[in-house]
Each structure stands twice: as C-alpha cells, then as structure tokens.
1. Only Lys, Arg, Asp and Glu count, each charged at its Cβ (+1, +1, -1, -1), so figure out the dipole size of the range 33-128 about its Cα centre, rounded to 20 debye.
2. Could you please state, rounded to a whole Å, how far the C-alpha centre of the range 92-128 is from the C-alpha centre of the range 1-75?
3. Quickly rank 21-30, 88-97 as a protection proxy: mean count of other C-beta atoms within 10 Å, highest first.
4. So, for the chain, what is the accessible surface per residue at a probe of 1.4 Å, expressed in square angstrom?
5. If you work out Rg and Dmax of the Cα atoms in Å from the coordinates, which of [x] 16.8, 53; [y] 13.3, 37; [z] 14.5, 45 do you get?
6. Leaving ligands, DNA and RNA out of it, report the carbon-plus-sulfur percent of the accessible area of the chain at a 1.4 Å probe.
7. What is the sum of charges, Lys and Arg at +1 and Asp and Glu at -1, for the other residues whose Cβ falls under 15 Å from the Cβ of residue 127?
8. Between residue 25 and residue 119, what is the spin-label point distance in nm, taking each point 7 Å from the Cα along the Cα→C-beta axis?
Amino acid sequence: MAAGNYPPELRYHAEHGWALIGGDQATLGISWFAQDALGEVVFVEPPELGAAIIAGESYGEVESLKAISDLIAPLSGTVIELNGALAADAELINAAPYGAGWLIKIQLSDHGEADLLMSAEAYEATLS
C-alpha cells in the first residue's frame, strides 16, 4: 500500500477510524484500509446531531455489498455535523475516504484521548 493512503496529519484508531483534530473539534471517518476491506459502500447510518459518542464504542454503521460494520469512535464528543452528502452517495467513502467521504464532526469532550491514537506510520505498521 502506498504511504499516501494514510495522510500524516490524521490520527488513527485500531478499529480503522481516523480523526482530523482542529482545536476543540474533530472530523471523523474510516481509513482507506477499512473502505477497501468493506468494498462498495452503499449506506451509512450516522448518529443523530447532538448525540454523545464515546471513544472505542459504536456510533453508527456502514453497509457495503459485503457486510454491515459498526463505526467505532476514535474520540469522545458531541456530534455537531453530519456529512449529508453520504445520504445520496455513500460511495464517497470509497472514492475519497479522507476528503468528501468524511462521516461526522464532533465537539471534543476529552482532548487527552487524542494522545492514545496512532500516527499514520504506526497505524500502517499494524496492517502488515
């Protein structure tokens, strides 16, 4: 796998989620590895706006032609934005897992959790 598949500015969770942290907020999505393993994504069931999510716990589901998988939160917080484009085109997750295929944005509740996430290099090492 090309190193470009795991942007270095992101932090990664062992359950194949990523977080882009900016101040008190984070954008969450699934890694290139996860979307590749799932195959063609056809539906996403996100949490509701305002929902509290907890690191390490499920916050929604992603459905592909192969399987339905839980989305595991890399960080804890309150959902402040959903990627509405996914309702019409869930394949954005496959096409651009780090861009247009982001899932949710949260208001962080515990900044210290970010220290528990992996760098791109460390995450990629877990895949081999």
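1. Numbers: 2 positive and 16 negative charges, 19 e Å.
About 80 debye.
2. 6 Å
3. Values: 21-30: 19.1, 88-97: 16.2.
The peptides rank, most packed first, as 21-30, 88-97.
4. Details: 6380 Å² over 128 residues.
Ligands and nucleic acids excluded, the figure is 50 Å² per residue.
5. [y]
6. Numbers: 3330 of 6380 Å².
Carbon and sulfur atoms account for 52 percent of the accessible area of the chain.
7. Details: positive: none; negative: 15, 36, 121, 124.
Residues near residue 127 contribute -4 overall.
8. 2.8 nm
The values are calculated or read from the model by the stated rules, or taken from the named source; none is laboratory data. A quick note: this is a predicted structure, and the numbers were derived from the prediction, not measured. Cβ: placed from backbone, ideal geometry, glycine included. Neighbour counts: every protein chain shown. In case anyone asks, the SASA skips ligands and DNA or RNA and just uses the protein heavy atoms, side chains included. Shrake-Rupley method; radii C 1.70, N 1.55, O 1.52, S 1.80 Å.
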